[in-house]
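Read the structure below first, then the notes.
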Amino acid sequence: MCHPVIMEYVKGKALSRRDLFRGSAAAGAAIVAASVLPTRPLMAQTPSQVIDVTHTLTYDFPTYFGEQQFFDEQVFNYAEHSFNLKEIRVNEHTGTHIDAPLHFTDGGTSVDEVPVQSLVCPLAIVDIREKADANPDAQVTPGDLADWISANGPIPAGACVAQNSGWQARLGTLGFRNADDEGKMHCPGFHVEAVQMLLDETEAGGVGVDTLSIDYGPSADFATHYRWLPANRWAVENMANLDQLPATGATLVVGAPKHRGGTGGPCRLIALV
């Protein structure tokens, strides 16, 4: 018969080995999980600021076609019914809104099918305000992207790459659409070669602009739309308050609508810093 001290020693060793095996199993599971789960891009984990990147939608908000695209009607009011309720009618591409791939593809991904994981993403802001001040037809070019990368490092996987042209200062004036006598608009956007660079050299998931279109105003062929959206990417237009955000480090939350078969729709953009 073993001495009680020896028994306690053996029992302790057994428990230690059991704990070791448990720890090893947990570590192994963690390694397996790390190898299976996709790598998440680095984003703001504990934001100190929440910035609204959305314009308020009003009857007279500028539109690409120049006509009113948002309407509402008071159906119930508090004085008569003890509650308020409005019915709204809106063009999908009005105000701060998202373009789904279906917008410029035949049978592409509709807005309700855009993976929700892609709508919470790093935000990379390319500042072209100086160019846009000198030329309203300025565009984000591959050179601008290269400069951003040189200053800030690689564009994060899944990022929304946004143009800050300072165009928000024109809101409330005819200068936001900036149409000439022939009705042609003059406002900044992404050059088609810039979005091609994003497709070829990065894993960006979206692009954004503070203007009415990701194509610059005089575009007659929507080259940027046709290059970007059919690649199963999304875009956001009429972004607000980009001047309040850093070039890198913010996380963008795209509160996209989810109506079946939609080509896009007004959305609430929120940036976490």
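The values are calculated or read from the model by the stated rules, or taken from the named source; none is laboratory data. These figures come from a predicted structure and were not determined experimentally. Glycine gets a Cβ as well: all are built from the backbone with ideal geometry, and neighbour counts include every protein chain shown. Just so you know, the surface numbers come from the protein's heavy atoms only, side chains and all, with ligands and any DNA or RNA stripped out. Shrake-Rupley method; radii C 1.70, N 1.55, O 1.52, S 1.80 Å.
Just one of Arg233, Arg177, Arg227 is without any contact (Cβ under 8 Å) to a residue 60 or more places away in the chain and open to solvent by 40 Å² or more (accessible area, probe 1.4 Å); which is it? Criteria check complete, one pass: Arg227. Checking the stated criteria, Gly66 turns out not to satisfy the condition of being in a helix (DSSP H, G or I) and over 20 Å from the mean Cα position of the chain (by Cα). Determine whether the range 85-99 contains at least one residue that is modelled with pLDDT of 95 or more, touching a helix residue (DSSP H, G or I) at 6+ places or on another chain (Cβ under 6 Å) and loosely packed, with under 14 Cβ neighbours inside 10 Å. No: zero hits.
The set of residues in the range 69-84 that are assigned to a loop (DSSP other than H, G, I, E, B) and either loosely packed, with under 10 Cβ neighbours inside 10 Å or touching a residue at least 60 places away in the same chain (Cβ under 8 Å) (or both) comprises Ser82, Phe83.
On the basis of being out of contact with any Leu (no Cβ under 7 Å at 6 or more places or on another chain) and free of Cβ contacts under 8 Å to residues at least 12 places away in the same chain, does Asp200 make the cut? Yes, satisfied.
Report yes if some residue within the range 250-264 is more than 15 Å from the chain's Cα centre (by Cα), part of a loop (DSSP other than H, G, I, E, B) and either closer than 22 Å to Ala132 by Cβ or of a type in the set (A, V, I, L, M) (or both); otherwise report no. Within the range 250-264, none of the residues are more than 15 Å from the chain's Cα centre (by Cα), part of a loop (DSSP other than H, G, I, E, B) and either closer than 22 Å to Ala132 by Cβ or of a type in the set (A, V, I, L, M) (or both). Filtering the range 182-223 to residues that are closer than 21 Å to His97 by Cα and among the polar types (S, T, N, Q) leaves Thr211, Ser213, Ser219. When you scan the range 102-109, do you find a residue that is acidic (Asp, Glu) and touching a strand residue (DSSP E or B) at 6+ places or on another chain (Cβ under 7 Å), even just one? No: zero hits. Scanning the range 132-153 for residues that are open to solvent by 40 Å² or more (accessible area, probe 1.4 Å), closer than 23 Å to Gly249 by Cβ and charged (D, E, K, R) turns up just one, Asp147.
Take Thr63 and tell me if it is among the β-branched types (Val, Ile, Thr), at pLDDT 95 or above and under 21 Å from Gln168 (Cβ atoms). Yes: the conditions hold for Thr63. Taking (1) modelled with pLDDT under 50; (2) more than 30 Å from Ala159 (Cα to Cα); (3) not hydrophobic (A, V, I, L, M, F, W, C) in turn, Arg40 satisfies each apart from (2).
Take the residues of the range 154-174 that are touching a strand residue (DSSP E or B) at 6+ places or on another chain (Cβ under 7 Å) and either in a loop (DSSP other than H, G, I, E, B) or small (Gly, Ala, Ser) (or both): which is surrounded by the most Cβ atoms within 10 Å (Cβ to Cβ)? For the range 154-174, the residue satisfying everything is Ala162. In the range 180-212, of all residues being farther than 28 Å from Thr56 by Cα and in a loop (DSSP other than H, G, I, E, B), the one that is least open to solvent (accessible area, probe 1.4 Å) corresponds to Thr202. Residue check: Glu92 meets all listed conditions (1) over 21 Å from the mean Cα position of the chain (by Cα); (2) outside any helix (DSSP H, G or I) but one, namely (1).
Within the range 213-224, being in contact with a Cys (Cβ under 8 Å, 6 or more places away or on another chain) and crowded, with 23+ Cβ neighbours inside 10 Å holds for one residue alone: Tyr216.
To keep it simple, each residue is scored yes or no on (1) among the charged types (D, E, K, R); (2) within 20 Å of Cys187 (Cβ to Cβ); (3) at pLDDT 95 or above.
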residue	(1), (2), (3)
Ala44	no, no, no
Pro47	no, no, no
Gln68	no, yes, yes
Phe71	no, no, yes
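Taking the criterion of being farther than 17 Å from Val209 by Cα and β-branched (Val, Ile, Thr), would at least one residue in the range 59-72 satisfy it? Within the range 59-72, not a single residue is farther than 17 Å from Val209 by Cα and β-branched (Val, Ile, Thr).
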